[in-house]
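J.: Below is the structure I would like to discuss, written out as structure tokens.
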Amino acid sequence: MTQDSSVIAFQELSNGDAVVVIDPCPFYAAGGGQEADKGLLVATDSQGARHEYAVTDAQKLQNGSATVLYVPAVGEKSDMFSRGVPVTASVDPARRLGNAVHHTATHLLNSALRQVLGPSVLQAGSLVEPRSLRFDFTSKPLTKEQLDEIETIVNRAALSNAPVDVSEMSLDTAKSKGALAMFSEKYDQNSVRVVEVPGHSMELCGGTHLHSVRGVFPFQIISEGSIGAGTRRIEAVAGLAGSQWLQTQVGYAKHAAELLGCSTNMNTMATKVQQGLAKQKTAQMDAEYWLKVAAVHMQATSLTVDVGGQPLIVHALPNNAGESQMEGRGDPRVVKARAEHLRDAEPLSVHLVVQGKMAVLCVGAQCEG
């Protein structure tokens, strides 16, 4: 999107960056949860040379009268932005489209949530980015079945190819038509912007949107969780970002299938994983069994000492090869296994099993260490 414009105001900042106001201005300023457009300003000097300057942010003045563009590293070229100088403004089309896809998807998601969870669901915030969306709402935790249903509703709406209609009307008229509004927002009583997907959603909104909901497909919920008492957050991707996310997941599945030595069929992969876990559990049980056998039969240096009239039998197990008695850390599994064996074999005796810096004391049925 390109627009011939003129500089209305310019202010160089102390760090060499600048803020610029142009008219007309095609850049969408950050607002309503949607990130700002980015792009370029192109100016021509007195010699006819073109100079390009990146626009990295766009913000509305508090009174909404103008959009202020942030232009980094203007430096010595500040004279290029004198009042009245013509410039060509160019909005990054991929970023604009990504924001539009995820803003329209946000409206469909809001509608789907209310269909599945009921009209008591209230929006508590949102973030619309070129690559994803985030939506906060009041609710109890959602089940997997509810999330699947919400995702399906949004995708079916997208595949309906319904138009996205934008109109302006009074606030009372919009409310009478059933348009949703954010309680935290202040609206002009005489004129509000209404974004409607016929048969699916209708909201008061000033953001950028698709002309048709078809661009939202595929819609994928990435995560859902709590961000506070009674407030949940859904993160999702749509359109090209949704397709790329699915491609990434397919790549993960293919790699996992290669490691498992099977096809990418989910049932086959699940069976392979279950078989692997069963083998691992069996191997772990075998290892623990033989560890106990080794601990029981490991030759130890034993001696009995008198502790307050009570005999204490101390069993010093040998350390691992290359470790001295003082330096060795000991194996807690070996020490515990030997101590439990002694406890079961001689429950009336008091035993202290030591290996390196590990020690377990057994008194009656209790072993601690």
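J.: Compute the accessible area per residue over the range 64-115, keeping the other protein chains in place, probe 1.4 Å, unit Å².
T.: The answer is 39 Å² per residue.
J.: Per 0.36 nm of contour for each residue apart, how much would the distance between ARG214 and LEU303 grow if the chain were fully extended, relative to their Cα-Cα spacing?
T.: 23.9 nm
J.: Return the carbon/sulfur percentage of the accessible area of the range 138-188, one whole number, probe 1.4 Å, all protein chains in place.
T.: 51 percent
J.: Placing unit charges on C-beta atoms (Lys and Arg positive, Asp and Glu negative, everything else neutral), compute the dipole magnitude of the chain about its Cα centre in debye, rounded to 20.
T.: 860 debye
J.: With labels modelled as points extended 7 Å from the Cα through the Cβ direction, what inter-label distance (nm, one decimal) is found for GLN247 paired with SER46?
T.: 5.0 nm
J.: Points 7 angstrom from Cα along the Cβ direction at SER170 and THR56: gap in nanometres?
T.: About 4.6 nm separates the two model spin labels.
J.: Oh, and also: For the range 131-214, report the translational diffusion coefficient in µm²/s to the nearest whole number, using Stokes-Einstein at 20 °C, 1.002 mPa s, and a Kirkwood Rh over Cα pairs.
T.: Value of D from the Cα-based Kirkwood radius: 147 µm²/s.
J.: Would you please give the FRET efficiency between LYS281 and GLU258, computed as 1/(1 + (r/R0)^6) with r the Cβ-Cβ distance and R0 = 25 Å, to the nearest 0.05?
T.: Given R0 = 25 Å and the Cβ-Cβ separation, E is 0.60.
J.: Moving on to the next point. Take the Cα coordinates of the range 225-299, assign each an equal point scatterer, and use the Debye formula without solvent to give log10 I(q)/I(0) at q = 0.25, 0.26 Å⁻¹.
T.: Taking Cα atoms of the range 225-299 as identical point scatterers yields -1.03, -1.06.
J.: At 222 nm, what value in deg cm²/dmol follows for the chain if DSSP H runs of at least 4 each add -39500 (n - 2.57) and the sum is divided by all its residues, to the nearest 500?
T.: -10500 deg cm²/dmol
J.: Can you return the aspartates and glutamates within cross-link range of LYS177? Criterion is Cα-Cα under 19 Å, with same-chain partners fewer than 8 residues away left out.
T.: ASP165, GLU168, GLU185, ASP188, GLU196, GLU203
J.: More than 25 Å apart: what percent of Cα pairs in the chain qualify?
T.: In whole percent, the share of Cα-Cα pairs in the chain beyond 25 Å is 70.
J.: Please pull out the direction-averaged projected area of the range 1-152, using the convex hull of its alpha-carbon atoms, in nm² to one decimal place.
T.: Mean orientational projected area (the range 1-152, Cα hull): 11.3 nm².
J.: At what distance in nm do the modelled label points of VAL296 and SER120 sit from each other, each positioned 7 Å from its Cα along Cα→Cβ?
T.: Here the answer is 6.0 nm between the modelled labels.
J.: Pull up the DSSP beta bridges for the chain and report the antiparallel fraction as a percent, rounded to 5.
T.: 90 percent
The values are calculated or read from the model by the stated rules, or taken from the named source; none is laboratory data. All values derive from a computational prediction rather than experimental measurement. Note: ideal-geometry Cβ built from the backbone for every residue, glycine included; neighbour counts use all protein chains shown. The protein model used for the area step is the full one, side chains on, heavy atoms only, and it has no ligands, DNA or RNA in it. Shrake-Rupley method; radii C 1.70, N 1.55, O 1.52, S 1.80 Å.
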